[in-house]
Structure formats: C-alpha cells, structure tokens
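Participant: There's a structure below that I have some questions on.
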Amino acid sequence: MSWQESTKEKMLNLQLPTDPRWVGIAEMQIEDILVDHAYCEQKAASSCISLIIRYNDLDELVDTLTPIVAEEWGHFERVMEQLRKRGLRFGKQRKDEYVAKLYDFVRKGGSRKDQLTEGLLMNALIEARSCERFKLLSKNIEDEELRKFYYELMISEAGHYVTFIDLARKYQDSEKVNKRWKEWLEFEAEVMKNMELRGDRMH
Ligand SMILES: [Fe+2]
Ligand SMILES: [Fe+2]
C-alpha cells in the first residue's frame with residue numbers, strides 16, 4: 001500500500017467529518033482563516049521543538065522531528081506570503097479553544113513514555129483534522145492559488161500525521177497506543193460536535 005493510500009485509510013479514523021457549511025463561511029472570512037492558519041503552523045513548529053527538547057535522549061524522535069520543525073516554519077512563511085500578497089493584515093492570535101480542549105484530555109502523570117504517547121497522539125490528531133480541513137479548502141474555494149496551496153499543505157500534514165503515529169508506536173506498546181488513539185478519536189469527535197461553527201478559525 002502506498003503511503004497516500006495508507007494515509008487515506010488512516011484519515012478515515014476521524015470520527016466526525018467537518019460540517020460541510022464550514023468551508024463556505026471560512027471562504028468569506030479568508031483573512032481570519034489565513035491569520036489563524038499562520039498561528040497553527042507556528043504552534044506545530046513550537047510543539048515539535050518542545051518534544052525535541054523534552055525527549056532529547058530519543059535519537060530517532062529528535063532526528064525525525066527536526067526537519068518537521070523546518071517544514072512547519074516553511075508553512076508559516078508560505079501562509080504569511082499569501083497574506084501579504086493579498087494586502088491582508090497579520091492579526092493577533094486568537095484563543096485556540098480546540099487545542100485547549102484537547103490539552104485537557106492529556107492524561108496527566110504516568111511514566112515519561114506514557115507522557116510521550118499523549119503528546120504524540122495529540123499532535124497526530126491536530127494534523128489529521130488540519131489535513132481534513134485543508135482538503136475541504138483545496139476542493140471547494142474559488143481562489144485557485146489558495147486551492148493549490150491547501151492541496152500541497154494537505155499532503156504535507158498527512159505525512160506528519162503518519163509520522164506522529166509511527167513514533168508513538170515506536171516508543172510505546174502498539175496495543176496501548178491503539179487503545180488510547182481510539183479514546184482520543186472519540187474525544188475529538190465530541191469536541192468537534194460541541195464547538196460553535198465559525199468561519200474565522202481553522203479548527
Ligand atoms: Fe504545517
Ligand atoms: Fe504538520
């Protein structure tokens with residue numbers, strides 16, 4: 001199975017598809033979406049840096065995440081380019097309710113390995129949802145350049161998603177990871193279900 005196929009299969013793990021109305025309202029608020037998106041990329045880079053610092057002794061993790069930091073920062077740069085060329089302003093960061101809710105679900109305590117599993121799965125989930133949203137944008141918005149842009153980013157984030165899951169399985173018993181992943185997916189679906197539908201944010 002090619003990675004694209006296996007990613008597609010794993011993507012279906014998301015338990016609740018995005019409300020189809022989202023993309024229409026997001027398109028009308030594209031400045032807010034791009035600003036929010038820029039911060040999502042910044043947070044993705046920061047989160048990988050934190051994992052690298054916290055798990056400096058795990059060679060494979062450090063070597064795998066280091067180039068991802070550069071990629072995420074490259075995404076940030078590309079989002080900024082899209083903002084600038086449209087004469088849009090890079091506004092302030094908004095409160096990230098989605099990530100805050102996921103963060104509450106992180107199991108506190110346990111071993112260092114358990115903590116790593118939580119961190120990797122949370123990152124995987126954010127990648128998966130971002131990927132789903134990028135796909136919607138790439139298929140449905142009118143701006144052709146942005147459609148192409150979101151298509152490229154969707155492929156990249158899908159790769160990150162697979163990487164986080166693979167790393168989780170490398171450092172933790174697979175069955176434990178699978179069981180916890182299922183819980184994360186169910187929780188995320190609940191979060192999604194209860195979040196207000198807004199067109200000014202990526203999640
Ligand atoms: Fe990214
Ligand atoms: Fe990513």
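Each value in this text was obtained by applying a stated rule to the coordinates, not by laboratory testing. It should be emphasised that the depicted structure is a prediction, and the values quoted were computed from it without experimental measurement. Backbone-built Cβ (ideal geometry, glycine too); neighbour counts: all protein chains shown.
Participant: Could you give each residue of region 185-200 its phi-based ³J(HN,Hα) in whole Hz, using Karplus coefficients 6.51, -1.76, 1.60 with θ = phi - 60°, and x for Gly or Pro?
Facilitator: 3J(HN,Hα) across region 185-200, in whole Hz: 4, 5, 5, 4, 4, 4, 4, 4, 4, 8, 8, 5, 6, 9, x, 9.
Participant: Provide the per-residue ³J(HN,Hα) series for region 141-146, in order, calculated from phi with Karplus coefficients 6.51, -1.76, 1.60 and θ = phi - 60°, each as a whole number of Hz, with x at glycine and proline positions.
Facilitator: 8, 7, 4, 5, 5, 5
Participant: Now for a different question. How large are Rg and Dmax for the chain when calculated on the C-alpha trace, in angstrom?
Facilitator: 16.5, 50
Participant: What does the charge dipole of the chain about its Cα centre add up to, to the nearest 20 debye, if the Cβ of each Lys and Arg holds +1 and the Cβ of each Asp and Glu holds -1?
Facilitator: Value, rounded to 20: 400 debye.
Participant: While we're looking at this one, here's another question. I need C48, C131 ordered by Cβ neighbour count within 10 Å, fewest first. Present the calculation step by step, with values, prior to reporting the outcome.
Facilitator: Working: C48 24, C131 21.
The fewest-first ordering by Cβ neighbours comes to C131, C48.
Participant: With only Lys, Arg, Asp and Glu charged, each at its Cβ (+1 for the first two, -1 for the last two), find how big the charge dipole of region 86-164 is about the Cα centre; round to the nearest 20 debye.
Facilitator: 320 debye
Participant: Tell me which residues come under 5 Å, amide H to amide H, from T18 once H is placed; ignore anything under 5 positions away on its chain.
Facilitator: none
Participant: Mind listing the phi-derived Karplus ³J(HN,Hα) values for region 166-182, rounded to whole Hz, using 6.51, -1.76 and 1.60 with θ = phi - 60°, and x for any glycine or proline?
Facilitator: Values, residue by residue: 4, 5, 4, 6, 6, 9, 8, 3, 4, 5, 4, 4, 4, 5, 5, 4, 4 Hz.
Participant: Among A44, I30, N13, whose Cα sits farthest toward the positive end of the charge dipole of region 10-54 (+1 at Cβ of Lys/Arg, -1 at Cβ of Asp/Glu, about the Cα centre)?
Facilitator: Projecting each Cα onto the dipole axis, the largest value belongs to N13.
Participant: Sorting E127, E175, E196 on the 10 Å Cβ count, fewest up front, what's the list?
Facilitator: Details: E127 22, E175 9, E196 6.
By the 10 Å Cβ count, ascending: E196, E175, E127.
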